[in-house]
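One structure below.
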Amino acid sequence: MRATTRRSSTALAATAAAGALVVAQGVPAHADEEVSEPHEFTSMYTVEADPDMVVDDEDQPVPGEEGAWGTFDFRINSDEEVICYDIEFEGVTPPYESPARTATHIHEASADAFGPPRLAFPDPEDDGDGVLRSSGCMQGPFTTGVEDDEGNDTGEGFTLAQIEEDPESFYADTHTADFPDGAIRGQLWEVPMGGMETGGGGAADLFPSFLPGASR
């Protein structure tokens, strides 16, 4: 684990209080609208993404970009359909490429399967130190630019409460011209809202079963 670059769950939790939910006022409700960060959140998640978890659309393992890695940190207010994101990549080589509106997504599927994109985020860009970053908040209803077999956008009807109901059934990834199935990928796992000191299963959540070293 790259302790020098990724934030701990406690640091993540410090960005949101664990008390009663307070909704940001005056937030516009347009599809995928970039909005201000809410005062509080209903849940938080993180992802450790690497090239070894990538699978193709036939659920077969395929190589991602060797040596690449990334972190995705998500903060959700499902009452207002707002998701805030902080995404960092190292070793991922643009150009990005995807049939979706962007190439950086949350998909719905278990760890060993391919699934449709449900959320599309702005692709991280080089901030001048070699790290690719993307941060912000967006509000639903959400779209991806990809159509399912019925001709509907794969984000249509999707709600953030679906992530909260079963976060391990979602993964985050990014796609590039050289790695169209995914340069890196990782499953979502929940960060306790108040940090491990608040209890609530925090210790168990830190090492979910699908992560390497989960038996620690």
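The values are calculated or read from the model by the stated rules, or taken from the named source; none is laboratory data. Treat the numbers as computed from the prediction; the structure is a model and nothing was measured. Heads up, the Cβs are rebuilt from the backbone with ideal geometry, glycines too, and the neighbour counts pull from every protein chain shown. For accessibility, only protein heavy atoms count, side chains too; no ligands or nucleic acids. Shrake-Rupley method; radii C 1.70, N 1.55, O 1.52, S 1.80 Å.
If you check 120, 100, 113 for being part of a strand (DSSP E or B) and over 25 Å from residue 192 (Cβ atoms), only one passes: 120. Is there a residue in the stretch 173-181 that is of a type in the set (Ser, Thr, Tyr) and in contact with a strand residue (DSSP E or B) (Cβ under 9 Å, 6 or more places away or on another chain)? Scanning the stretch 173-181 turns up at least one residue that is of a type in the set (Ser, Thr, Tyr) and in contact with a strand residue (DSSP E or B) (Cβ under 9 Å, 6 or more places away or on another chain).
Of the residues screened, residue 110 is one that is surrounded by fewer than 20 Cβ atoms within 10 Å (Cβ to Cβ) and either closer than 16 Å to residue 171 by Cα or at pLDDT below 95 (or both). Just a yes or no: is a residue in the stretch 123-137 open to solvent by less than 10 Å² (accessible area, probe 1.4 Å), over 23 Å from residue 178 (Cα atoms) and part of a strand (DSSP E or B)? Yes; the residues of the stretch 123-137 include at least one that is open to solvent by less than 10 Å² (accessible area, probe 1.4 Å), over 23 Å from residue 178 (Cα atoms) and part of a strand (DSSP E or B).
Being at pLDDT below 50 and either within 20 Å of the chain's Cα centre (by Cα) or within 18 Å of residue 164 (Cβ to Cβ) (or both), is that true of even one residue in the stretch 32-51?
As a first pass, look at the stretch 32-51 and keep what is at pLDDT below 50: none.
Within the stretch 32-51 (the criterion being at pLDDT below 50 and either within 20 Å of the chain's Cα centre (by Cα) or within 18 Å of residue 164 (Cβ to Cβ) (or both)), the answer is no, since none of the residues qualifies.
For the stretch 56-90, the tally of residues that are surrounded by fewer than 21 Cβ atoms within 10 Å (Cβ to Cβ), among the acidic types (Asp, Glu) and closer than 21 Å to residue 169 by Cα stands at 7. Here residue 93 meets each of (1) farther than 13 Å from residue 182 by Cα; (2) open to solvent by 60 Å² or more (accessible area, probe 1.4 Å) with one exception, condition (1).
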